[in-house]
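Right, one structure below, let's go through it.
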Amino acid sequence: MLTPADAKARSLVDLEPVASDSLLQLIALAAADPRPEKIDVGVGVFRDGAGNTPILKVIKEAERRLVDTQVTKAYLGSAGDKRYAELLRPILLGEHAEDDRIAGLQTPGGCGALRLGFELIATANPAARVMVGTPTWPNHPPIIAAVRLERVDYPYYERGQGAIRFEDMREALSGAAPGDVALLHGCCHNPTGADLDEDQWREVVRIVKERGLIPLIDIAYQGFGRGLDEDAFGVRLMLAECDEVIIAQSCDKNFSVYRDRVGSLFVKTGSASATSTAMGHVFQRAREMWSMPPDHGAAAVHIVLEDPELRSRWLVELTAMRDRINSVRQRIAAADPRLAFIGRQFGMFSMLPLSREQVLKMREDHAIYMADSGRFNVVGLSDDQIGRFTDAVVEALDA
Ligand SMILES: Cc1ncc(COP(=O)(O)O)c(C=O)c1O
């Protein structure tokens, strides 16, 4: 144990440097490249055909209304905007929207929801292990580590085949102990684009139920894959079959409000009163971490969802984003049979079967920036960059 004198001997200058986030490093490298033809497919935001990430028209309209009508900025409490969370229920939970065993609250983005969901698990059962299919979104492992839960990795994806290693997934989940957590991507798997199909979801749900696991579903891209309802298939099936389910949701992508930090956490237990107790712990953890979520983005989403006209215009804008993602996927897939798998995947990300050396060579020769793993954002490409990108990928695959 440190004595007060030892503690004094160490100060902030004694801190070890932290390895910087590789994706943020990549963005900085791309930004610093002077070649005008450079392509940045490392970045994780939606871009339109012209290469921009515009603010949705409905969000602009909602923000105008917010400025005109908001009369106070008094505290809202740890749950944030309660009406916002209510309005999300039918979109996310579908036929389970009225289930009083499910409660939710506003969080600072999907990240805040994930952290809070894992905090709840660690509070209930610090011995729980978290089963994580790899590769996964790079922020999952540090969030799990931050709440001091043990992580157990299993292989989820075969990069060369562009396919899910479903047998490995089944085996890993079947070997988990009751109370362990199955971390699952609701749709538009990041970084692979490889989503479970309906039969695979059924099988995962069966194993989760049989083994007594707690599913924590991360759904950050609802509406970017096949449609709002289709993308929530796994979430809703899990709710139909299991007593305990945790859902970490984000509106940051499907409302394009990334920096405004708009998310939610939903918790289901076997009874309304147990859920209410669990939510007491959730509020307590939220209060310790951020006290209350930021209001602006969720208030704008609230206005859009409350107003039937804005809501239907949002659906049109969301459909346009989804259509662009899927049409860029088809164009890439059509360029070479070895890229056909990209046309069968969903969401913004896929992984090219390239080595780190090939990725670095594309960076040097063609100013194309993607993660060393070959993960790239399909809509990082503007319309006029797609041909040059696929030519460079095919050249790398042929080499
Ligand atoms: C799989 C996944 N979960 C959660 C998030 C977090 O989203 P947010 O920006 O709302 O915190 C992301 C964002 O990239 C993601 O890809």
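Please treat every number below as a calculation from the coordinates, not as lab data. Values in this document were obtained by computation on a predicted structure and should not be read as measured data. Because the Cβ atoms are built from the backbone with ideal geometry, glycine has one as well, and the counts that use them run over all protein chains shown.
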Measuring from label point to label point, each 7 Å out along Cα→Cβ, what is the ALA334 to GLU306 span in nm? 4.5
Out of all DSSP beta bridges with both ends in the stretch 112-186, state the antiparallel percent to the nearest 5. 20
Using the number of other C-beta atoms within 10 angstrom as an exposure proxy, rank ILE368, ILE143 with the fewest first. ILE143, ILE368
Principal axis dimensions, largest first and in whole angstrom, of the chain by Cα: 60, 57, 53
If the cut-off is a Cα-Cα distance under 21 Å, which lysines reach LYS82, setting aside same-chain residues fewer than 8 apart in sequence? LYS73, LYS253, LYS268
Of PRO138, PRO353, PRO36, the most mobile residue in a GNM of the chain (C-alpha springs, cutoff 10 Å) is PRO36
Within the chain, which DSSP H helices have Cα atoms that stretch 24 Å or more along the helix axis and a mean Kyte-Doolittle hydropathy of at least 0.5? none
Compactness summary of the stretch 245-319: radius of gyration and Dmax from Cα atoms, Å, are 14.8, 39
Based on the Cα gyration tensor of the stretch 167-311, what are the three equivalent ellipsoid semi-axes, each the root of five times an eigenvalue, rounded to whole Å and given largest first? 27, 21, 14
Can you work out the PRE-style zone for SER20? Point 7 Å along Cα to Cβ, and I want the residues of the stretch 28-50 with backbone N under 12 Å. 28-32
Could you calculate the contour length gain from GLU357 to MET289, that is, 0.36 nm times the residue separation minus the distance between their Cα atoms, to one decimal place in nm? 20.4 nm
Potential lengthening between THR69 and LEU397 on full extension [0.36 nm per residue; Cα-Cα distance subtracted]: 112.5 nm
Gyration tensor (Cα only) of the stretch 2-140 to equivalent ellipsoid, semi-axes in Å sorted down, yields 33, 30, 21
With a point put 7 Å past each Cα toward its Cβ, work out how far GLU37 is from VAL13 in nm, to one decimal. 5.0
Please find the FRET efficiency linking SER382 to VAL152, where r is the Cβ-Cβ separation and R0 is fixed at 35 Å, and quote it to the nearest 0.05. 0.30
What ranking of VAL359, VAL378 emerges when the number of other C-beta atoms within 10 Å of each C-beta is taken as an exposure proxy, fewest first? VAL359, VAL378
Using the Kirkwood formula over every pair of different C-alpha atoms, what hydrodynamic radius in Å results for the stretch 247-399? 18.8
Give me the percent of DSSP beta bridges within the chain that run antiparallel, rounded to the nearest 5. 45
State the extension gain, in nm to one decimal, for the chain segment bounded by SER327 and GLU198, taking 0.36 nm per residue of separation less the distance between their alpha-carbons. 44.2 nm
